[in-house]
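Quick notes on the structure that follows.
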Amino acid sequence: MERNNAWKAYDEAALQAVENAARGYRAFLDQGKTERECADAAVKAAQAAGYIHLEEAIAAGRAIQPGDKLYQAQMGKAVMLFHVGRQPLEKGMNIVGAHIDSPRIDIKQNPFYEDTDIAYADTHYYGGIKKYQWVARALALHGVVAKKDGTLVRIVIGEDESDPVVGISDLLIHLSQEQMVKKASDVITGEGLDIMLAGRPLAGEEKEPVKAMLLQILKEKYGLEEEDMLSAEIEAVPAGTSRDYGLDRSMILGYGHDDRVCAYAEIQAMLQLPAVPEYTCCCLLADKEEIGSVGATGMQARYFENAVAELLALTTGKESDLALRRALANSRMLSCDVSAGYDPLFASAFEKKNAAYLGRGVCYNKFTGSRGKSGSNDANAEFIGRLRKVMDDHGIAWQTAELGRVDLGGGGTIAYICALYGMEVIDSGVPVLSMHAPQEIISKADLYEAIRAYTAFMTDMTK
Ligand code: MN
Ligand code: MN
């Protein structure tokens, strides 16, 4: 039982549509290198499509009607879009949920020091990374600094062609005899991921003159004091834009496909819905998935539940806990997150019949987890049966997969958290090669099929 390669079925019009989707996605990816930037982009896209802020609707006491479009943001790092359907909310929603945080290197709160005429920032990496992949490459700094007076200074350094970039040095091969025999996990240590920021002493400065140079630049260019770093969130990410990949341009190389490719597909699907969908459709963009969906912006926080409660109150005029529970329990969800693409160079990590392949369309994972499905949301067969029909009725290229060979490792998504409400949830996403590396690879065909799949799911999936 083998799935077809999606490219084989495309005519000229479809190839053009694939390319258009890829172009839009690359722009989204290049502008959204942090969860905050992606959240901003999602809100802007929603506003342009006529979505109004849920808080505004609440303040105005506005009664919500089928066809209304609302968005809600959580601390600028998570976003929810709702497109109200014909059916009452208690009948459940069709939800697509992705995460917009990606593995990266965060600057510590007390970061700066000088050693031997070089000024550095100490860092703490975020999410699962192979640390050795992040050295000897151009990094950009993105983030915010919250000053005591309440102002928020936004920082993006290293993306404009005229900007400087920063980075982490590696040991020259000539002197690496000891390093080369170390375990890959020990080649570069967490505390060794220090970013070079400056290398020129400030004239007239005796003590730590290079660090003084750095602090002077921060003061002059951004109005920042060293103490302001205590309330900063600066993320070091690979500098530069995404690129077409392969001589046939069939793929995209870029930072943060996990999980911005699914986030983008969801947003596009949301914007393509009919004026009044049958069921209320929801696009969820969560933060903190890469570190366990914790914190006030992670999926485990209650912001989604709260937003649905507010929506119910505006729709029905009633504040009913029972109605909220019904709305959540009766919902259907695609937990949209990237899948491990089969890599012929690492064939032994996969079981070929149950792997996701680049170019064979959007992927469904009945379960993720590790070892004996530990920690996974094992989607119900009945739900998958109905999903198969929706996918096939719409002629969507899709495949099923597990996350690699049994016993080899594992992972999870936000699926199990949403399943706590008793709703039907299955993992769905785009296959990725080199996942969590500074630059990851996807097929344009899979992005295109994901957008079509999420649209079909939201318009046609029923209880
Ligand atoms: Mn992910
Ligand atoms: Mn991930």
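Which value, in debye to the nearest 20, gives the size of the charge dipole of segment 104-238 about its Cα centre, when Lys and Arg are +1 and Asp and Glu are -1 at the Cβ?
Dipole magnitude for segment 104-238 comes out near 420 debye.
Which ³J(HN,Hα) values in Hz, rounded to whole numbers, follow from the phi angles of segment 257-267 under the Karplus curve 6.51 cos²θ - 1.76 cosθ + 1.60, where θ = phi - 60° and Gly and Pro get x?
3, 7, 10, 6, 5, 6, 4, 5, 4, 4, 4
If one puts a single equal scatterer on every Cα of segment 377-436 and applies the Debye formula without solvent, what log₁₀ I(q)/I(0) results at q = 0.23 Å⁻¹?
Values returned for q = 0.23 Å⁻¹ are -1.16.
At 1.4 Å probe size, with the rest of the protein present, what percent of the exposed accessible area of segment 117-169 is carbon and sulfur atoms?
Roughly 51 percent, rounded to a whole number.
Take each of the peptides 85-98, 38-51, average the number of other beta-carbon atoms within 10 Å over its residues, and list them starting from the highest.
Taking the mean over residues of other Cβ atoms within 10 Å, the ranking is 85-98, 38-51.
Per the 1.4 Å probe, what fraction of the accessible area of segment 308-395, in percent, lies on carbon and sulfur atoms?
Ligands and nucleic acids excluded, carbon and sulfur reach 51 percent.
What does the convex hull of the Cα atoms of segment 190-311 come to per residue, in Å³, rounded to a whole number?
233
For Ile52, enumerate residues with amide H under 5 Å from its amide H, sequence gap 5+ or separate chain, H modeled in the peptide plane.
Here Lys69, Leu70, Tyr71 satisfy the definition.
Order 151-164, 69-82, 305-318 from most to least packed using the mean count of other Cβ atoms within 10 Å.
69-82, 305-318, 151-164
What are the semi-axes of the equivalent ellipsoid for the chain, taken as the square roots of 5 times the Cα gyration tensor eigenvalues, largest first, in whole Å?
With the √(5λ) rule applied to the chain, the semi-axes are 39, 28, 19 Å.
Taking R0 as 30 Å, what's the FRET efficiency between Glu56 and Tyr113 from their Cβ-Cβ distance, rounded to 0.05?
0.05
Under 4.7 Å Cβ to Cβ, no partner at all: give me those cysteines from the chain, in residue order.
Cysteines lacking a close Cβ partner in the chain: Cys38, Cys281, Cys282, Cys283, Cys363, Cys418.
Under a crude label model (7 Å from the Cα following the beta-carbon direction), how far is Asn20 from Arg325 in nanometres?
For Asn20 paired with Arg325, the spin-label model returns 4.6 nm.
Give the Rg/Rh ratio for segment 104-238, taking Rg as the radius of gyration of the Cα atoms and Rh as the Kirkwood radius, to two decimals.
0.99
Could you run the Karplus curve 6.51 cos²θ - 1.76 cosθ + 1.60 with θ = phi - 60° over segment 163-168 and give me ³J(HN,Hα) per residue in whole Hz, x for Gly and Pro?
6, x, 10, 10, x, 10
Please list, in chain and number order, the residues 5+ apart from Cys336 or on another chain whose amide H is under 5 Å from its amide H, with Hs placed from the backbone.
Correct list: Gly97, Ala98, Ser428.
Measure off 7 Å from each Cα along the Cα-to-Cβ vector at Phe346 and Arg405, then give the distance between these two points in nanometres to one decimal.
1.3
Under a crude label model (7 Å from the Cα following the beta-carbon direction), how far is Leu247 from Asp392 in nanometres?
Spacing of the two 7 Å Cα→Cβ label points: 3.9 nm.
So, for the chain, what is the accessible surface per residue at a probe of 1.4 Å, expressed in square angstrom?
46
Let me see the pair-distance distribution of segment 209-270: every alpha carbon pair, 10 Å bin width, integer percents in order.
Per 10 Å bin, starting at zero, the Cα-Cα P(r) for segment 209-270 comes out as 16, 28, 21, 22, 12, 0 percent.
Output wanted: per-residue J couplings in Hz (rounded whole) for segment 208-221, from phi through Karplus 6.51 cos²θ - 1.76 cosθ + 1.60, θ = phi - 60°, x for Gly and Pro.
Per residue, the Karplus-derived 3J(HN,Hα) values read 6, x, 6, 4, 4, 4, 4, 5, 5, 5, 4, 6, 6, 7 Hz.
Cα-Cα over 27 Å: which of Lys77/Lys211; Lys69/Lys366; Lys147/Lys211; Lys148/Lys288?
Details: Lys77/Lys211 32 Å; Lys69/Lys366 31 Å; Lys147/Lys211 21 Å; Lys148/Lys288 25 Å.
Beyond 27 Å: Lys77/Lys211; Lys69/Lys366.
The values are calculated or read from the model by the stated rules, or taken from the named source; none is laboratory data. Please read these numbers as outputs of a predicted model, since none were measured by experiment. For neighbour counting, all protein chains shown are included, and Cβ atoms are generated from backbone atoms with ideal geometry for every residue, glycine included. We work out accessible area using only protein heavy atoms, side chains counted, and drop any ligands, DNA or RNA first. Shrake-Rupley method; radii C 1.70, N 1.55, O 1.52, S 1.80 Å.
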